[in-house]
Structures are given as structure tokens and as C-alpha cells.
Ligand SMILES: Nc1ncnc2c1ncn2[C@@H]1O[C@H](COP(=O)(O)OP(=O)(O)OP(=O)(O)O)[C@@H](O)[C@H]1O
Ligand SMILES: [Mg+2]
């Protein structure tokens, strides 16, 4: 399968701090790739470099064969790469529908307002917020705001979606619904790169996992390979006993 995203030797420094250090990996079309690692490992920074919020100090990023290393975020989203934010950023005083309309207006296609509204309505149905379209965004629960983040990104009609901890703060029922949504998004032809701390969820959703630690890529592989990698267990969990909890992924139903 063709690579939709190729990250090659990417380094991002903040002064003396190397937040992302010489990281390389790729995502094939149609894949769900999980990006995991301890707090401060550089996961969100890597998203910010990939979508153009920060410029890489070194390395290259290629998306659908185009070099996007120096592209601005608006150009990147126009090419078909959209993302959600770890800390949700709704436009609180706009309705849910208008929030998503903004995403549609600045997406892959140039849409007039009527067309953008139509796309936004469809996406709200898709993420299960159809009945809340007219509410102010500030009135949504945290689970609703996470869905709104996903909806805004989806309204841009991405080929690749970057999800930054969309399961954080959700209860088990909401987690299950969000997992189902991510699967449906992937089944609709969108590739997904997702950061997640919830191990069982990310292990059952992902085709492959990339592990970051202290800015560096520590490991990469199928979920069952990664859970049994002793370096990963030590760096990420600190104590090997936890691997039993991870290993329960073997018993979960995988996507394919
Ligand atoms: N804008 C910035 N300026 C300076 N340092 C930053 C900036 N953004 C991130 N960092 C630092 O870069 C490192 C990586 O942070 P990042 O937010 O990418 O980690 P993360 O893996 O997403 O962690 P978490 O799981 O807690 O979200 C941290 O040491 C962080 O303090
Ligand atoms: Mg983060």
C-alpha cells in the first residue's frame, strides 16, 4: 500500500529542549496508527510539526507525495490533513453547527456558506451530535466537546486525521462510542494517526503502534509486538507487571 504520510528524521527543539528527536515513521493509506508514550514524550509536538503549527528544525514530512515540511497549517488542511486538539478548543459562543461549518469552510474544498452548512450537518449526524446542532458549543459535556473536535476536523474532508487523546476524560460508555466512531471513520476511507494513553483502546484500534520516549522513537510494530517489547514496558509503564493488563489486548476483537 502507498504511504499517505512519511515522517523522516524530524527534530523539533524548543531552545535547549529537544522535544522530538530524529523521528521517522510512515502511515499507509487506510491504516490506523497509534502514537503512544509517557507524558512529555513529544507526541503532541510531533502533531504540531506534522500539521505546520511548528516548523521542524530538521527532517522532512511528505503527505500524499507532496513535501509539506514548510507548509502552514491552513495549507496542510487544504491538502487533506486535519487534526483535533488535546485541549478541546470549541468556539464557545457559536452553535455546534456553526463550529463545524467553520471547519468545512477552511477544509480541503472551497465551499460557500450554504455548502459548508450542508457538510457540517452531515458530519454532525455522523458523529452523533445531530440533535445538538443548535446548542451553544459551551453547553456540551466533555464527551460532546470531544465529538465536536472530531466533527470540525472531519468537516475539512481529510484523507488523514490526527486525533490527540480523543478518549481522555470519557466514561467507559463514551469511550466505546468514540472507538466505534474512529473505526467508522477509517472504514469510510480516512487514514488515522491517534495519540492515546488508554492502552486497551489504542491496542485494539491500531494496525500499528509507534512509541515515543523522551522525544525519540523507542519502538514500532503491531500492537502484540509492542506490548511484549521489554524496553517499551520499562520506559512507559515503569514496572513489568503491567504487561499483563496490556496483554489482554490479545483477547479483544481486532479490526481485521
Ligand atoms: N511550545 C513549547 N515551548 C517549550 N516547550 C514545549 C512547548 N511545547 C511542548 N514543549 C515541551 O516539549 C516536551 C514534549 O511535550 P508534548 O506536549 O509534545 O508531550 P506529549 O507527549 O504530548 O505529552 P502528554 O502525554 O502529556 O500530552 C515537553 O517537555 C514539553 O514541556
Ligand atoms: Mg500531548
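Could you list all residues from the stretch 202-237 that are assigned to a helix (DSSP H, G or I) and within 16 Å of ligand 2 (Cβ to nearest atom)? Reasoning before the result, please.
Restricting attention to the stretch 202-237, the residues satisfying the condition of being assigned to a helix (DSSP H, G or I) are 202-205, 223-227, 230-237.
Within the stretch 202-237, 202, 236 qualify.
Right, residue 18: under 27 Å from residue 184 (Cα atoms) and assigned to a strand (DSSP E or B) or not? Answer is no for this residue. Given the structure, is residue 11 within 15 Å of ligand 1 (Cβ to nearest atom), in a strand (DSSP E or B) and surrounded by fewer than 20 Cβ atoms within 10 Å (Cβ to Cβ)? The answer is yes for residue 11. Looking at the stretch 22-31, which of its residues are within 16 Å of ligand 1 (Cβ to nearest atom) and surrounded by fewer than 19 Cβ atoms within 10 Å (Cβ to Cβ)? The answer is 22, and nothing else.
So which of 165, 122, 180 ends up being in contact with a strand residue (DSSP E or B) (Cβ under 6 Å, 6 or more places away or on another chain) and farther than 15 Å from residue 27 by Cβ?
Numbers: 122 fails: in contact with a strand residue (DSSP E or B) (Cβ under 6 Å, 6 or more places away or on another chain); 180 fails: in contact with a strand residue (DSSP E or B) (Cβ under 6 Å, 6 or more places away or on another chain).
Sole residue among the options that is in contact with a strand residue (DSSP E or B) (Cβ under 6 Å, 6 or more places away or on another chain) and farther than 15 Å from residue 27 by Cβ: 165.
All conditions in (1) within 16 Å of ligand 2 (Cβ to nearest atom); (2) within 25 Å of residue 29 (Cα to Cα) hold for residue 87, with the sole exception of (2). Here residue 60 meets each of (1) in a strand (DSSP E or B); (2) within 16 Å of ligand 2 (Cβ to nearest atom) with one exception, condition (2). Mind checking whether some residue in the stretch 69-78 is part of a loop (DSSP other than H, G, I, E, B), away from ligand 2 (no atom under 14 Å from the Cβ), in contact with a helix residue (DSSP H, G or I) (Cβ under 6 Å, 6 or more places away or on another chain) and in contact (Cβ under 8 Å) with a residue 12 or more places away in the chain? No, the stretch 69-78 contains no residue that is part of a loop (DSSP other than H, G, I, E, B), away from ligand 2 (no atom under 14 Å from the Cβ), in contact with a helix residue (DSSP H, G or I) (Cβ under 6 Å, 6 or more places away or on another chain) and in contact (Cβ under 8 Å) with a residue 12 or more places away in the chain. Looking across the stretch 24-57 at every residue that is assigned to a helix (DSSP H, G or I) and within 24 Å of residue 78 (Cβ to Cβ), the one that is nearest to ligand 2 (Cβ to nearest atom) is identified as 44.
Is it fair to say residue 34 is in contact with a strand residue (DSSP E or B) (Cβ under 9 Å, 6 or more places away or on another chain), buried (at least 22 other Cβ atoms within 10 Å of the Cβ) and modelled with pLDDT of 95 or more?
Values: in contact with a strand residue (DSSP E or B) (Cβ under 9 Å, 6 or more places away or on another chain): yes; buried (at least 22 other Cβ atoms within 10 Å of the Cβ): yes; modelled with pLDDT of 95 or more: yes.
Considered against the rule, which asks whether it is in contact with a strand residue (DSSP E or B) (Cβ under 9 Å, 6 or more places away or on another chain), buried (at least 22 other Cβ atoms within 10 Å of the Cβ) and modelled with pLDDT of 95 or more, residue 34 comes out as yes.
Selection of first residues in the stretch 36-48 that are closer than 15 Å to residue 209 by Cα and of second residues that are part of a helix (DSSP H, G or I) and near ligand 1 (Cβ under 7 Å from one of its atoms), restricted to Cβ pairs under 7 Å at least 6 apart or on distinct chains, gives the following pairs, ordered by first then second residue: 37/43. Suppose the filter is away from ligand 1 (no atom under 16 Å from the Cβ), modelled with pLDDT of 95 or more and either under 12 Å from the mean Cα position of the chain (by Cα) or surrounded by fewer than 23 Cβ atoms within 10 Å (Cβ to Cβ) (or both); does residue 192 pass it? Yes: the conditions hold for residue 192.
Does at least one position in the stretch 77-93 carry a residue that is more than 21 Å from the chain's Cα centre (by Cα) and either at pLDDT below 95 or surrounded by fewer than 17 Cβ atoms within 10 Å (Cβ to Cβ) (or both)? Walk me through it before giving the result.
Applying the first criterion (more than 21 Å from the chain's Cα centre (by Cα)) to the stretch 77-93 yields 92-93.
Add one more test, that the residue is either at pLDDT below 95 or surrounded by fewer than 17 Cβ atoms within 10 Å (Cβ to Cβ) (or both), and what stays is 92-93.
Yes, the stretch 77-93 contains at least one residue that is more than 21 Å from the chain's Cα centre (by Cα) and either at pLDDT below 95 or surrounded by fewer than 17 Cβ atoms within 10 Å (Cβ to Cβ) (or both).
The values are calculated or read from the model by the stated rules, or taken from the named source; none is laboratory data. Remember, it's a predicted structure, so these values are computed and weren't measured experimentally. Neighbour counts are summed over all protein chains in view; Cβ atoms, including those assigned to glycine, are modelled from backbone coordinates with ideal geometry.
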